[in-house]
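> Sharing a structure here in structure tokens format.
The values are calculated or read from the model by the stated rules, or taken from the named source; none is laboratory data. On a predicted model such as this, the values are computed, not experimentally measured, just so you know. Because the Cβ atoms are built from the backbone with ideal geometry, glycine has one as well, and the counts that use them run over all protein chains shown. Side chains are part of the model used for accessible areas, which takes the heavy atoms of the whole protein and leaves out ligands, DNA and RNA. Shrake-Rupley method; radii C 1.70, N 1.55, O 1.52, S 1.80 Å.
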Amino acid sequence: RRIRANAIAILTVAWILGTFYYLWQDNKPQTSSSPSSSASQTRGRGGHGGQKVVPGRLEIHRDDRTIPLIVSERGCLLGGFDEKAYLAAKQLKPGDDPYREHAFNLQESDRLGSERAIRDTRHYRCASLNYDTDLPSTSIIITFHNEARSTLLRTIKSVLMRSPPSLIQEIILIDDFSSDSEDCQLLSQIPKVRCLRNGRREGLIRSRVRGASTASASILTFLDSHCEVNADWLQPMIQRVKEDHTRVVSPIIDVISLDNFAYLAASADLRGGFDWSLHFKWEQIPIEQKMARSDPTQAIRTPVIAGGIFVMDKSWFNHLGQYDTHMDIWGGENFELSFRVWMCGGSLEILPCSRVGHVFRKRHPYDFPEGNALTYIKNTRRAAEVWMDEYKQYYYSARPSAQGKAFGSIADRLTLRRKLNCKPFRWYMENVYPELRVPEQEAVSSVLRQGGLCLETRGTDTLGLAECRGIGAIRPQSQRWELIEPLIRQQDFCLAISAFTAGSKVKMESCNAKEPRQKWKPKGPALQHMVSGLCLDSQTPMGPLDCLSACILQSV
Ligand code: LR7
Ligand code: MN
């Protein structure tokens, strides 16, 4: 009996110890920097006009589900590629600022290693969804310019580790003329990875087009060069595109901290939006849509995508005209693509069961050969001029510095729009983004009145005075004038003087904010021509000109 009692005691102690060990294992933090309490965070950067400032409410889930690696794949994942040597060759030197080169903490990124586990941030219901077993494979396209070795390798490895191998046809890297050409050569040794190097700096838009045109799979997947994909990220996106090839789909983009590289869950209630200056922002899903969502795994319609991480059918990408390859370096292409997809017969969605982490930065770590602001203006102007029809006036009011800046020829893109028979921007406003408010009409357009008569256009270039008709929105187009300094415009035509002498006629011509004959400014109730000092008037001048008394043609 003593022996039996001893055995029971030993078993009991072993069981207690076992239980403690199990619990301890389960509570152990999964990464050194894993978040433990709810947090709120701002993603994005401050500074020039093209940044993305994003108030993303973060949801930190209590249960720490981490994603297992596909163990059998480990080890042979990288083939003959020597990861250690690759990473060791470029290390931060003691005393170097770890943020200087990449605008994130390089020291933390290097320290993490290339295979860290991350928390599965999806809604728990996502894990039980099923996808077709015969999903088509995809070509992953990643462009990079001077990306840190550790972040780029982690992007590639996370794709190889967390995607069903049969879905990855290839990973195409486009080295956008980084200073070190070796990165591209070395990474090509990884199985499935191909790397193409640009002979000069092209920017991410032309680089992606280059990548897409060599892709061999029927589906394209674009990623930034500092991402980590999460559990089952790919299947939901390929499934949606397989069901309807006109869908363009994005994951929820989680936040990888630029300071400590913690992987943080982003809110699942956000979609992409923008303001009239074409500044991207994350915004709450409209309340009616939120109420109607009974299933948290359902796709979220989005007016625009952030731009870097999405899946699209390759034939659809080509059919819709790829990208506007006259856009340079960075920015604006996400609006152009988003407007085009919606207006030309497709749709954009965010899939909550797909999650991809991205390192959001506060500044660009690379240079813009033409300057950051001018490049953003050029790219967004192209998007506005080709796609926004009469609504582009709001873009110019919100971003006055864009007027008169060069943006190249858009003839090809206008032809494309006509050929694809795309809907007008008004349709997009009414059906896709009715939440985007149009600035008050009165603030933008007004009449030019003299003694009870209004200035109006007749045909394209004749001007005359006539009885004022209608008010507000019912006022005829011919009597509506927009005063966007220094221009007085009606659609694309502006008031210009024909000579710099008193009594010379005023006419309409194509707007050009740089043309001295078109520059006006308000002076009291009158409008004064900036260069000559003459006033807009329907009477022949009698004596020496004094604006305040002699000019009676005024805007109201
Ligand atoms: O000249 C360049 N050549 C490049 O190849 C400049 C950049 N790049 C690469 C770069 O290495 C990176 O992989 O292009 C990618 C995007 O550049 P980032 O990471 O510096 O910019 P970002 O994260 O702010 O970019 C967001 O907006 C861009 C607008 O042009 C692109 O659409 C990016 O793809 C987009 N990123 C995302 O949508 C990820 C989520 C961020 C948000 C919101
Ligand atoms: Mn990025």
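> What's the total number of residues in segment 228-247 that are surrounded by fewer than 20 Cβ atoms within 10 Å (Cβ to Cβ) and either in a strand (DSSP E or B) or among the β-branched types (Val, Ile, Thr) (or both)?
1
> Tally time: how many residues in segment 369-390 are open to solvent by 20 Å² or more (accessible area, probe 1.4 Å) and on the phi < 0 side of the Ramachandran plot?
The qualifying residues number 9.
> Return yes when Met327 is within 23 Å of Glu385 (Cβ to Cβ), crowded, with 23+ Cβ neighbours inside 10 Å and either at pLDDT below 95 or among the aliphatic types (A, V, I, L, M) (or both) and no when it is not.
yes
> Give Asp183, Asp176 a once-over and let me know the one that is crowded, with 19+ Cβ neighbours inside 10 Å and either away from ligand 1 (no atom under 14 Å from the Cβ) or over 20 Å from the mean Cα position of the chain (by Cα) (or both). Break it down into steps so the answer makes sense when it comes.
Values: Asp176 fails: either away from ligand 1 (no atom under 14 Å from the Cβ) or over 20 Å from the mean Cα position of the chain (by Cα) (or both).
From the options Asp183, Asp176, the qualifying one is Asp183.
> Next question. Taking the options Ile253, Ile205, name whichever one is within 13 Å of ligand 1 (Cβ to nearest atom), among the β-branched types (Val, Ile, Thr), open to solvent by 10 Å² or more (accessible area, probe 1.4 Å) and touching a residue at least 60 places away in the same chain (Cβ under 8 Å).
On the way: Ile205 fails: open to solvent by 10 Å² or more (accessible area, probe 1.4 Å).
Ile253 is the lone residue from the list that is within 13 Å of ligand 1 (Cβ to nearest atom), among the β-branched types (Val, Ile, Thr), open to solvent by 10 Å² or more (accessible area, probe 1.4 Å) and touching a residue at least 60 places away in the same chain (Cβ under 8 Å).
> Does Lys290 satisfy the criteria of being surrounded by fewer than 23 Cβ atoms within 10 Å (Cβ to Cβ), within 15 Å of ligand 1 (Cβ to nearest atom) and farther than 19 Å from Thr221 by Cα?
Numbers: surrounded by fewer than 23 Cβ atoms within 10 Å (Cβ to Cβ): yes; within 15 Å of ligand 1 (Cβ to nearest atom): no; farther than 19 Å from Thr221 by Cα: yes.
Judged against the criteria, Lys290 is not a match.
> Among residues belonging to segment 342-363 that are within 14 Å of the chain's Cα centre (by Cα) and away from ligand 2 (no atom under 16 Å from the Cβ), point out the one that is surrounded by the fewest Cβ atoms within 10 Å (Cβ to Cβ).
The qualifying residue surrounded by the fewest Cβ atoms within 10 Å (Cβ to Cβ) is Glu349.
> Applying the selection to segment 215-241, what residues are within 14 Å of ligand 1 (Cβ to nearest atom) and of a type in the set (Val, Ile, Thr)?
Thr221, Val229
> Looking only at segment 253-292, count every residue that is of a type outside the set (Lys, Arg) and outside any loop (DSSP other than H, G, I, E, B) and tell me the total.
22
> Given (1) within 16 Å of ligand 1 (Cβ to nearest atom); (2) open to solvent by 50 Å² or more (accessible area, probe 1.4 Å); (3) of a type outside the set (D, E, K, R); (4) without any contact (Cβ under 8 Å) to a residue 12 or more places away in the chain, identify the lone condition not met by Tyr366.
Of everything listed in (1) within 16 Å of ligand 1 (Cβ to nearest atom); (2) open to solvent by 50 Å² or more (accessible area, probe 1.4 Å); (3) of a type outside the set (D, E, K, R); (4) without any contact (Cβ under 8 Å) to a residue 12 or more places away in the chain, Tyr366 misses just condition (4).
> From Glu202, Glu147, Glu182, grab the single residue that is more than 20 Å from Met312 (Cα to Cα) and within 16 Å of ligand 2 (Cβ to nearest atom).
Glu147
> Follow-up. Which residues, counting only those in segment 139-161, are in a helix (DSSP H, G or I) and either free of Cβ contacts under 8 Å to residues at least 60 places away in the same chain or out of contact with any helix residue (DSSP H, G or I) (no Cβ under 8 Å at 6 or more places or on another chain) (or both)?
So in segment 139-161, the residues in a helix (DSSP H, G or I) come out as 149-161.
Selection gives Thr155, Ile156, Ser158, Val159.
> Hey, another quick one. Surrounded by fewer than 21 Cβ atoms within 10 Å (Cβ to Cβ), within 16 Å of ligand 2 (Cβ to nearest atom) and not in a strand (DSSP E or B): is that true of Ser216 in this structure?
Working: surrounded by fewer than 21 Cβ atoms within 10 Å (Cβ to Cβ): yes; within 16 Å of ligand 2 (Cβ to nearest atom): no; not in a strand (DSSP E or B): yes.
Answer is no for this residue.
> Based on what the data block shows, is Asp295 at pLDDT 95 or above, over 26 Å from Tyr131 (Cα atoms), part of a loop (DSSP other than H, G, I, E, B) and more than 10 Å from ligand 1 (Cβ to nearest atom)? Quick ask: steps written out before the conclusion?
Working: at pLDDT 95 or above: yes; over 26 Å from Tyr131 (Cα atoms): no; part of a loop (DSSP other than H, G, I, E, B): yes; more than 10 Å from ligand 1 (Cβ to nearest atom): yes.
Against the criterion (at pLDDT 95 or above, over 26 Å from Tyr131 (Cα atoms), part of a loop (DSSP other than H, G, I, E, B) and more than 10 Å from ligand 1 (Cβ to nearest atom)), Asp295 does not qualify.
> Residues of segment 340-397 being closer than 30 Å to Lys419 by Cα and assigned to a loop (DSSP other than H, G, I, E, B), which ones?
Correct list: Cys344, Gly345, Gly346, Met388.
> Select, from Ser225, Ser207, Ser250, the only residue that is within 16 Å of ligand 2 (Cβ to nearest atom) and assigned to a helix (DSSP H, G or I).
Values: Ser225 fails: assigned to a helix (DSSP H, G or I); Ser250 fails: assigned to a helix (DSSP H, G or I).
Answer to the selection: Ser207.
The rows are residues; the columns are (1) under 16 Å from the mean Cα position of the chain (by Cα); (2) more than 16 Å from ligand 2 (Cβ to nearest atom); (3) in contact (Cβ under 8 Å) with a residue 12 or more places away in the chain.
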{"site": "Ser277", "(1), (2), (3)": "yes, yes, yes"}
{"site": "Phe280", "(1), (2), (3)": "yes, no, yes"}
{"site": "Thr297", "(1), (2), (3)": "no, yes, yes"}
{"site": "Ile309", "(1), (2), (3)": "yes, no, yes"}
{"site": "Lys314", "(1), (2), (3)": "no, yes, yes"}
{"site": "Gly331", "(1), (2), (3)": "yes, no, yes"}
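> Evaluate the following for Gly273: is it within 16 Å of ligand 2 (Cβ to nearest atom), open to solvent by less than 50 Å² (accessible area, probe 1.4 Å) and either aromatic (Phe, Trp, Tyr) or modelled with pLDDT of 95 or more (or both)?
no
> Taking the conditions exactly as written (open to solvent by less than 50 Å² (accessible area, probe 1.4 Å), touching a Lys or Arg at 6+ places or on another chain (Cβ under 9 Å), under 22 Å from Glu228 (Cα atoms) and within 11 Å of ligand 1 (Cβ to nearest atom)), does Ala306 satisfy them or not?
yes
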